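Some notes on the structure that comes next.
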Amino acid sequence: MSENTLHGGVKWQSPSNIALVKYWGKKPGMKQIPQNPSISFTLSKCSTETSIFYEESDRFGLHFRFDGKENPEFQTKIAEFLKEHLSDFPFLNEMDLNISSHNTFPHSSGIASSASSMSALVLCLLDIERVVNGEKKIDMKKASCLARLASGSACRSVFPKMALWGATDAFDGSCDDYAVSLENEIHPVFRSYHDSILIVSDAKKAVSSRAGHALMDANAYADVRYHEARQHVATLLEVLKNGDLETFCRITEAEAMQLHALMMCSEPSVMLMKPNTLRIINNLYEFRRETDIPVCFTLDAGPNVHLLYPDSDAELVERFIMDELERYCVDGTWIADHVGDGPSRC
Ligand code: PMV
């Protein structure tokens with residue numbers, strides 16, 4: 001490497017996020033544009049660390065390692081994304097990249113890592129662009145927009161605490177191209193909310209998100225769903241301001257149930273809950289009835305259960321998880337995560 005060759009290294013850690021109002025369905029013929037707005041908590045412990053060593057070269061080159069090993073599946077996904085979007089990262093045309101990535105959550109926890117990994121990747125790339133152009137800061141709006149192109153929900157991971165993605169009349173400045181931060185719009189109770197992720201199955205996703213979104217195109221309930229989701233977003237934005245936890249629980253659980261109901265009535269039908277998912281939910285209903293603690297659940301496109309609760313109730317809920325719910329988790333595994341501060345440069 002000649003001394004004059006531009007080269008260096010960047011490293012970012014970026015979190016996963018859990019949607020409260022779900023993104024499920026894309027506008028046909030458009031680049032990752034959601035059919036309805038969605039809202040999420042940005043997590044803390046479930047994150048991806050990505051580093052890139054870059055070196056000026058006569059063409060674009062890419063080498064990818066995950067957990068220190070070659071990973072052809074991820075390498076292909078990243079190469080396809082970058083080739084398709086080279087015009088968004090023009091400096092890459094003459095750059096050789098060595099990318100290493102690692103998830104901070106257990107390898108086989110069944111947790112989708114595309115939001116954390118794709119947001120970490122985009123932040124690294126924009127950091128290189130920042131150095132190349134001699135700029136001071138990364139534009140987080142641009143980071144969110146490019147992360148969206150890699151994986152829709154990844155656009156929400158670049159903001160701390162909570163984010164909203166998708167145009168809604170209920171929030172000025174919201175749009176379909178990138179997410180906006182809700183950090184300054186939320187009641188203090190949500191700033192330290194807990195998300196305990198109960199690992200019911202550690203198997204790889206049964207249906208890819210891409211295939212899942214596509215099933216919505218022919219789903220008979222699609223229009224009703226998109227209408228409901230828009231109403232849920234409007235109500236939840238109010239709730240996030242006023243801290244009404246009863247309504248928060250009602251909307252969050254309705255969203256999880258709708259996501260799975262939509263999958264069940266797709267053609268072909270998809271069933272992602274497992275018997276232990278239902279056991280956990282039924283135990284939770286009983287615990288909430290007995291204690292009046294505002295703990296609720298949400299589900300991603302899989303069988304694992306996310307229990308959401310305020311910090312003030314953490315001790316009692318965590319005791320309940322250990323006493324009653326751990327038995328339904330693979331090897332008793334659950335991850336005590338919470339709302340986090342967003343991505344950071346390492
Ligand atoms: O970002 P994708 O394409 O992996 O889709 C995410 C879909 C859900 O996780 C089910 C919901 C959401 O809004 O995150």
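Of the residues in region 173-187, at least one is farther than 12 Å from ILE39 by Cβ, within 14 Å of the ligand (Cβ to nearest atom) and in contact with a Pro (Cβ under 7 Å, 6 or more places away or on another chain).
Is it the case, given these coordinates, that GLU70 is assigned by TED's automatic domain parsing to the domain that holds ASP172, more than 23 Å from GLU135 (Cβ to Cβ) and open to solvent by 10 Å² or more (accessible area, probe 1.4 Å)? Spelling it out, GLU70 is indeed assigned by TED's automatic domain parsing to the domain that holds ASP172, more than 23 Å from GLU135 (Cβ to Cβ) and open to solvent by 10 Å² or more (accessible area, probe 1.4 Å).
The single residue among VAL200, VAL239, VAL207, VAL224 that is loosely packed, with under 13 Cβ neighbours inside 10 Å and β-branched (Val, Ile, Thr) turns out to be VAL224. For region 20-51, name all the residues that are within 19 Å of LEU259 (Cα to Cα), open to solvent by less than 10 Å² (accessible area, probe 1.4 Å) and either outside any strand (DSSP E or B) or of a type in the set (Gly, Ala, Ser) (or both). Answer for region 20-51, where residues must be within 19 Å of LEU259 (Cα to Cα), open to solvent by less than 10 Å² (accessible area, probe 1.4 Å) and either outside any strand (DSSP E or B) or of a type in the set (Gly, Ala, Ser) (or both): LYS22, GLY25, ASN36, PRO37, SER38, SER40.
Annotation: of all residues in region 153-197 being of a type in the set (Gly, Ala, Ser) and open to solvent by 10 Å² or more (accessible area, probe 1.4 Å), the one that is farthest from ILE138 (Cα to Cα) is ALA170. When the test is whether a residue is at positive phi and either modelled with pLDDT under 95 or more than 16 Å from the ligand (Cβ to nearest atom) (or both), GLY9 does not pass it. The residue pairs whose first member lies in region 284-298 and is in the same structural domain as GLU315 (by TED's automatic domain parsing), whose second member is surrounded by fewer than 22 Cβ atoms within 10 Å (Cβ to Cβ) and part of a loop (DSSP other than H, G, I, E, B), and whose beta carbons are closer than 9 Å, counting only pairs six or more residues apart or on different chains, are PHE287/ILE293; ARG288/PRO294; ILE293/PRO310; PRO294/PRO310; VAL295/PRO310. The number of residues in region 18-44 being within 11 Å of the ligand (Cβ to nearest atom), among the hydroxyl-bearing types (Ser, Thr, Tyr) and within 10 Å of the chain's Cα centre (by Cα) comes to 1. Taking LEU307, is it at pLDDT 95 or above and under 30 Å from ALA218 (Cβ atoms)? The answer is no for LEU307.
The values are calculated or read from the model by the stated rules, or taken from the named source; none is laboratory data. Just so you know, these numbers come straight off a predicted model, no measurement behind them. Cβ atoms come from the backbone with ideal geometry, glycine included; neighbour counts cover every protein chain shown. Heads up: the accessible areas ignore ligands, DNA and RNA and are worked out on the full protein's heavy atoms, side chains in. Shrake-Rupley method; radii C 1.70, N 1.55, O 1.52, S 1.80 Å.
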